[in-house]
1. Among Ser146, Ser116, which is the only one that is under 23 Å from Ala223 (Cα atoms) and in contact with a His (Cβ under 8 Å, 6 or more places away or on another chain)?
2. Being under 27 Å from Glu293 (Cβ atoms), touching a Cys at 6+ places or on another chain (Cβ under 9 Å) and not assigned by TED's automatic domain parsing to the domain that holds Arg37 narrows it down to one residue among Leu149, Leu197; which is it?
3. Quick check on segment 1-59: of everything there that is surrounded by fewer than 17 Cβ atoms within 10 Å (Cβ to Cβ) and among the small types (Gly, Ala, Ser), which residue is farthest from Met128 (Cα to Cα)?
4. Could you list, in sequence order, all residues of segment 27-65 that are farther than 22 Å from Ala112 by Cβ, assigned to a loop (DSSP other than H, G, I, E, B) and of a type in the set (A, V, I, L, M, F, W, C)?
5. If you go through segment 159-175 one residue at a time, do you hit one that is in the same structural domain as Asp75 (by TED's automatic domain parsing), among the aromatic types (Phe, Trp, Tyr), within 19 Å of the chain's Cα centre (by Cα) and closer than 19 Å to Gly312 by Cα?
6. Scan segment 136-164 residue by residue and report those that are within 24 Å of Gly108 (Cα to Cα) and among the small types (Gly, Ala, Ser).
Amino acid sequence: MTSIRSILTGVGGYLPRRCVSNDELAARLETSDAWIRERTGIGQRYLADESETAAFMGTQAAQAALAYAGATAADVDGIIVGTSTPDQVFPATALRIQAALGVTGGFGFDMAAACSGFIYALSVADAMIRAGQARGILVIGSEVYSRILDWTDRGTCVLFGDGAGAVFLQAGEGSGTSARGILSTHIHAQGSLGDILYVDAAVGQSNRPGTLKMNGKEVFRHAVTKLADAVDECLKHNGLLQKDVDWLVPHQANKRIIDAMGKKLGLPPERVVVTVDRHANTSAASVPLALAEACADGRIKPGDLVLMEALGGGLTWGSALVRM
């Protein structure tokens, strides 16, 4: 029996105009290209200028996703944005994007789940489409982490970059694991671990702008175990095996974590999409940016089974399985 399913019809991404190499950072920090690459796999990142806001970048990514899908603003019933770096407390970044796209109806809201924001937003959008509440939803991850970093702390500022990625989901019909669409999503959180990755200020503390704080060893330890569990959960839920996965599109936080997840699935490196070397960690934007790149260059093809996963501050984590 067929049922309503969320079909991923469009992908798109946007990276800021300014590219910053490790050597450029090393000119003003006690670090080096070799030190950064050895520990993270990062070689460069893109940093937004004042005009490249979360809404601006999200709009560019959304326009690309709609164009990829052959859709227009009239096909959009809702916009959900995963971001921890909105331009304003309100209106939501999603509504700024709605206006910029010329979408005149439907709904829009933001979700703050740090680096898991896109997976969380994808999960909500999928549920809404399955419930018949919408037929076309833009799911966007857009982040400007450069504005919440301590640029004197080499342990954190070298890890992150800015950017936006988007997908367009449209209602369709299908059943079974071979039909196109999102097969399942799985999201989790553990608030007791909130202090290993956080921003140290609240809204309104203009006298002390918040900056990102991280216990890297603890984040790494939890990332490996929790992401492995999320991968197993996703496959078990759908009655699939590791060998059934064609592509892993992971959150781009650290090359060592990405390699560990690839080995967990038994996937060769050429079946794991890696952008951390060029984009660094773009938080909620990293998964859709990586997905958009791999679709645009032809690596991911229609019919491929794609597994996405992410972990972020909160702690939050999750996974999603989609047949392209």
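The values are calculated or read from the model by the stated rules, or taken from the named source; none is laboratory data. Computed from a predicted model, the values in this text were never measured in an experiment. Here Cβ is always computed from backbone atoms with ideal geometry, including for glycine, and neighbour counts include all displayed protein chains.
1. Ser116 is the lone residue from the list that is under 23 Å from Ala223 (Cα atoms) and in contact with a His (Cβ under 8 Å, 6 or more places away or on another chain).
2. Leu197
3. Among residues in segment 1-59 that are surrounded by fewer than 17 Cβ atoms within 10 Å (Cβ to Cβ) and among the small types (Gly, Ala, Ser), the one farthest from Met128 (Cα to Cα) is Ala27.
4. Scanning segment 27-65 gives Ala27, Leu29, Ile42.
5. yes
6. Gly136, Gly141, Ser142, Gly163, Ala164
Residues checked against (1) crowded, with 16+ Cβ neighbours inside 10 Å; (2) in contact with a strand residue (DSSP E or B) (Cβ under 7 Å, 6 or more places away or on another chain); (3) of a type in the set (A, V, I, L, M); (4) part of a loop (DSSP other than H, G, I, E, B):
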{"position": "Ala166", "(1), (2), (3), (4)": "yes, yes, yes, no"}
{"position": "Gln170", "(1), (2), (3), (4)": "yes, yes, no, no"}
{"position": "Thr177", "(1), (2), (3), (4)": "no, yes, no, yes"}
{"position": "Ile182", "(1), (2), (3), (4)": "yes, yes, yes, no"}
{"position": "Thr185", "(1), (2), (3), (4)": "yes, yes, no, no"}
{"position": "His188", "(1), (2), (3), (4)": "yes, yes, no, no"}
{"position": "Ser192", "(1), (2), (3), (4)": "no, no, no, no"}
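Listed here are the residues, each with its yes/no results for (1) over 18 Å from the mean Cα position of the chain (by Cα); (2) of a type in the set (D, E, K, R); (3) at pLDDT 95 or above.
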position	(1), (2), (3)
Thr2	yes, no, no
Tyr14	no, no, yes
Phe56	no, no, yes
Gln63	no, no, yes
Val76	yes, no, yes
Thr83	no, no, yes
